[in-house]
Amino acid sequence: MTTVELQLTGDETSAVTAPAVKVLDLEYRYPDGRHALRGVDLTIMPGETIALVGPNGAGKSTLLWHLNGLLPGKERTPAVHSHGGEGHVARNDAPAVWIEGLEVNAKNAPEIRRRVGLVFQDPDDQLFSTTVIEDVAFGPLNLGMRPSQARALALECLGRVDLQDVADRAPHHLSFGERKRVCLAGVLACQPSVLVLDEPTSNLDPRGRRRFIQLIRSLPATKLIATHDLEMVLDLCNRALLLDGGRIVANGLVHNVLGDPNLLEAHGLEMPLSLKVGRG
Ligand code: ADP
């Protein structure tokens, strides 16, 4: 496994395993000129479960899509950036995202997509086959697995999300919550080491939400979860990143970020009820 020198505090350094995710000074503009990410820096170590919170339009989904190379090459504007030392000028072709030390670029795209599983906010953006089993087996088949093996793995992953019974049904005949679980099964079938979830609990009923949270908790991958569900963040995550206007404005322990009412209010969020109650 790759090792890198990671800056800890002050002059203290230590040899540690490569970050599961590293993002350095990521800039992104959509083709229409919308500046969605402005110099995002972020490091996630293997095994962490990190929340990405922020108001609508903050850039959360845009950031997630970069992690498995779903968005075209970033645009980097030459500028002075603090992390590079005084006078550092970003190069237009400088890499910005690494997964387990591997740079996210067009050449590495197949390997990056094997390592990073992205569950979209809307299952209908993810499901496209005529049956559930075909959808879940698609990833492993695409990675070169034999059809019989891919089918067996797909069934096993459907079992993990409690949906073995719907294998031969059409995805569009399932409930929203079931479709979300099919998406998760499809991602699990690719055995990713980094799981990226975009609003995993949105539009789920309370029972569906609880089941999904339990399922996410049981998965051993490194996780980055973009969400407005701050109670889930308290439940699952050790650290929270607050993104607004394409910039990370806070990065800290969940209780510190979600427990700061002024910070939350300034960025369109509200302290979760259980923290309010806990504080009397
Ligand atoms: P979030 O996930 O935090 O709600 P997004 O990443 O979806 O934020 O959006 C960040 C910004 O990029 C917003 O200003 C949004 O309007 C803009 N945006 C998102 N998708 C596109 C697109 N396809 N074309 C142009 N602008 C977009």
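The values are calculated or read from the model by the stated rules, or taken from the named source; none is laboratory data. Remember, predicted model here, so these are calculated numbers, not experimental data. Using ideal geometry, Cβ is built from the backbone for each residue, glycine included, and neighbour counts are taken over all protein chains shown. Only protein heavy atoms, including side chains, enter the accessible area calculation; ligands, DNA and RNA are left aside. Shrake-Rupley method; radii C 1.70, N 1.55, O 1.52, S 1.80 Å.
Structure notes:
- In the chain, taking the dipole from charged Cβ atoms about the Cα centre, the farthest positive-side position among Gly59, Asn108, Gly177 is held by Gly177.
- For Lys276, the aspartates and glutamates whose Cα comes closer than 18 Å to its Cα, not counting residues fewer than 8 places off in the same chain, are Asp229, Glu231, Asp235, Asp260, Glu265.
- Straightening the chain between Glu103 and Glu156 buys 16.0 nm, computed as 0.36 nm per residue apart minus the Cα-Cα spacing.
- In degrees, nearest ten, helix 132-142 long axis to first principal axis of the chain (Cα): 60
- Between Ala226, Ala189, Ala106, the Gaussian network model of the chain with springs among Cα atoms under 10 angstrom shows the greatest mean-square fluctuation at Ala106.
- The residues of the stretch 102-253 expose, per residue, 46 Å² of accessible area to a 1.4 Å probe.
- Global form of the stretch 232-280, assessed from the alpha-carbon gyration tensor, a/c cut-off 1.5: oblate
- The calculated FRET efficiency for the pair Asn262 and Asp41, based on their C-beta separation and a Förster distance of 35 Å, comes to about 0.90.
- Helix 176-188 vs. the chain, principal-axis angle (Cα, 0 to 90°, nearest 10): 70
- Charging the Cβ of each Asp and Glu at -1 and of each Lys and Arg at +1, and nothing else, the dipole of the chain about its Cα centre rounds to 460 debye.
- Of the solvent-accessible surface of the stretch 183-249, computed with a 1.4 Å probe over protein heavy atoms with every protein chain present, carbon and sulfur atoms account for 48 percent.
- Mean separation of Cα contacts under 8 Å, 6 or more apart, over the residue count of the stretch 99-201: relative contact order %: 43
- GNM result for the chain, Cα springs below 10 Å: residue of Ala185, Ala20, Ala109 fluctuating most strongly: Ala109
- For Pro220, neighbours were defined as the other residues whose beta-carbon sits under 13 Å from its Cβ, and their charges (Lys and Arg +1, Asp and Glu -1) total +2.
- Each Lys or Arg adds one and each Asp or Glu subtracts one; over the other residues with Cβ under 11 Å from the Cβ of His267, this totals -3.
- Across Val23, Val104, Val249, mean-square fluctuation computed from a Gaussian network of the chain (C-alpha pairs under 10 Å connected) peaks at Val249.
- Using the Cβ of Glu48 as centre and a radius below 10 Å, the other residues enclosed give a net charge of +2, where K and R count +1 and D and E count -1.
- In degrees, nearest ten, helix 147-160 long axis to first principal axis of the chain (Cα): 80
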